[in-house]
Structure formats: structure tokens, C-alpha cells
């Protein structure tokens, strides 16, 4: 099982805006589901996002799962945030969110 893709839609938003982070697997999630860890590369992401995700859970049989990313209306330090998802033994998949202040 590998992470097939990691996407953000839309890829550019203004402060106070929302985007959707979606993680997809190459095969359905196993019995009991699986949580995919998310690594975040950005100085100031904690100040820019209302909640900083650490993972996404895919339910049994699911190929993908999504979460909503909400940015703060207060000026944050981050103008771009890179989300990386991976499973042991698989290639990392990344997506970038650009934020206009």
C-alpha cells in the first residue's frame, strides 16, 4: 500500500480562506482503516492555520480522505505550506498551499 497522491484544492487562497487537503491510496484502506501521517514544512504554519493537521484517517475500504484547512484572518508568518504524506516503504507525496496576506 502506498500514498498515490496528496493534493490541495484550491492551491492558492487569501488569509481567512479555506482549502481541502486530500490524500489518496493506491489500494483500499485495510480492515480497521489507516491513519496517514502528514508532515508540514513551513515556518509559521501553526500561526497561519486554525488547526495544524498531523494525519488523515482513511476508513476501511476507502481510497481517499479529505480534511478542510482553514486559515486565520490574523496575518500569519506563512505564505506557503507544504504538506507531505507517506507510509513506510512508499514514496512521499506532497502538495503546496500558497497564502496571500
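All of the numbers you see were taken from the coordinates with simple rules; none came from a lab. All of these numbers come straight from a predicted model, not from anything done at the bench. In this analysis, Cβ positions are derived from the backbone assuming ideal geometry, glycine residues included, and neighbour counts consider all displayed protein chains.
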To the nearest 0.05, what FRET efficiency results for residue 64 and residue 41 with a Förster distance of 22 Å applied to their C-beta separation? 0.50
The base-10 log of I(q)/I(0) that the Debye equation returns for the chain at q = 0.17 Å⁻¹, one scatterer per C-alpha, is -0.70
Please give the contour-minus-distance gain from residue 52 to residue 2: 0.36 nm per residue of separation, less the Cα-Cα distance, rounded to one decimal in nm. 15.7 nm
How far is it, in nm, from the label point at residue 20 to the one at residue 94 when both lie 7 Å from their Cα along the line to the Cβ? 2.4
Can you figure out the FRET efficiency of residue 31 with residue 74, using R₀ = 35 Å and their beta-carbon distance, to the nearest 0.05? 0.25
